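Derivation of every value follows stated rules applied to the coordinates shown; laboratory data play no part. The structure presented is a predicted model; accordingly, all values stated were derived computationally and were not measured. In this analysis, Cβ positions are derived from the backbone assuming ideal geometry, glycine residues included, and neighbour counts consider all displayed protein chains.
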Amino acid sequence: IEAEPAKGIIRYALSDRTFIDKGWTMLPTEKVVRKMNVYRMRPAHPEFDWFEHNKNKRLMTYDTGERLAEFDDNGRGRWYYRSGRLALDYYDAEETNAQQRFVIYSSGEPDERGRTHPITILATFDYLGNGIVFDHAGKIRLKYNQTEGVVLDRGIGPVSHWKWHTLNDPPVLQQVMIDTQMAHKDPEILKLGPAADSKVRPDNEEMLAIEFDNFIKEKSKKLSQKFKPFQIKMKALKINEHFSLKVLDQATIYLIFRDGTTNLKLNIGMILDHQEIVDTDTAEVGEVSNSLERFPARTDSLAGLQRSVAYAQRYERQRTERERRLRPPEPCASADHLTAAASPPLRPPLRTAPTRSTTSAGYCYCRKPSNNLYYNTRLL
């Protein structure tokens, strides 16, 4: 028989329902997600690769002499604003199957209202069919992956969702448990527990064989599925004062750069190879997944991009809070307030007419008795 704990001591048990009800024990969150296949993507027109065709030039300049573009030996490179700031970076991505990535940066110039913004990323596109566009405050305006996309900025058009094809239809739903543990465990809590077992547990070969067999069956079924691309309504948006984006279909996505007489145009559209599945991904039902929104980031490169977006969001929150403090709320002259000020009270106070005993000498005896009531309609 276990001894009763001393007064002031609580004996905690992970399986005790009492501590779950008190909120001391956090259960994993259940969530239903979609499982999607990730296919091989290839450039729509590799023969028109602008960076590959111009890499031998090493350097291109504006008509006024400022640096416009730099090229690397491997066909990657960078574009620059006239101010010398980096405008576009085209490099080899670190993630598996992503191949290359385009990153567009803000110019740092004041906007039409004269406000300055921090240098941040405005858009990213990779060779796996992912794309995302932000505003200067780090808010998503448009994003897509190799299956679907969504418009969130009402300045572009109504909030809308589109699909490129039907390869991931009908959706494969599965229930998962979201870990609610702290990302960085408190070292003081870790000291209270036993030493962690560093031994690697052997894999269950039988379970691995079953999972592999199911994967092969599912993959063969998907590869035999008919590929039916959709026609979508064109999406056109201005990324900033120099960059713009035009989405016609999955294979035709134009990224345009203009500055005076300088006009550069890239087709960053991709062609999906429905005969080659390279990975699987999960996304919440109704959400358009994107590698840049996944935490923690898979690579240091993605982590750096996420920090840039987070800094822009934090900067905008601080600016909004500062403006709110410097500008106290002004009175609102709405129609409702004007009507309320001009209207008399609904029930003015009741008053009685003076009695004969209190009547002055000039009182008119032809009036009705004083027990009659009348409303005082004076403005109070």
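Report, in whole Å, the centroid distance computed from the Cα atoms of region 223-271 and region 66-102.
Each part's Cα centre sits 18 Å from the other's.
Taking other Cβ within 10 Å of each residue's Cβ, how do THR25, THR124, THR262 sort, fewest first?
THR25, THR262, THR124
From the residues PRO46, PHE71, TYR81, which one has its Cα farthest along the dipole of region 40-94 in the positive direction, the dipole being from +1 and -1 charges on Cβ of Lys/Arg and Asp/Glu about the Cα centre?
Of the candidates, TYR81 comes out farthest on the positive side.
Rank the residues VAL288, VAL172, VAL32 as a footprinting-exposure proxy: fewest other Cβ atoms within 10 Å of their Cβ go first.
Starting with the residue having the fewest Cβ neighbours, the order is VAL32, VAL172, VAL288.
If we count other beta carbons within 10 Å of each Cβ, what is the order of GLU95, GLU323, fewest first? Before the final figure, lay out each step's value.
Values: GLU95 16, GLU323 9.
Ordered by Cβ neighbours within 10 Å, fewest first: GLU323, GLU95.
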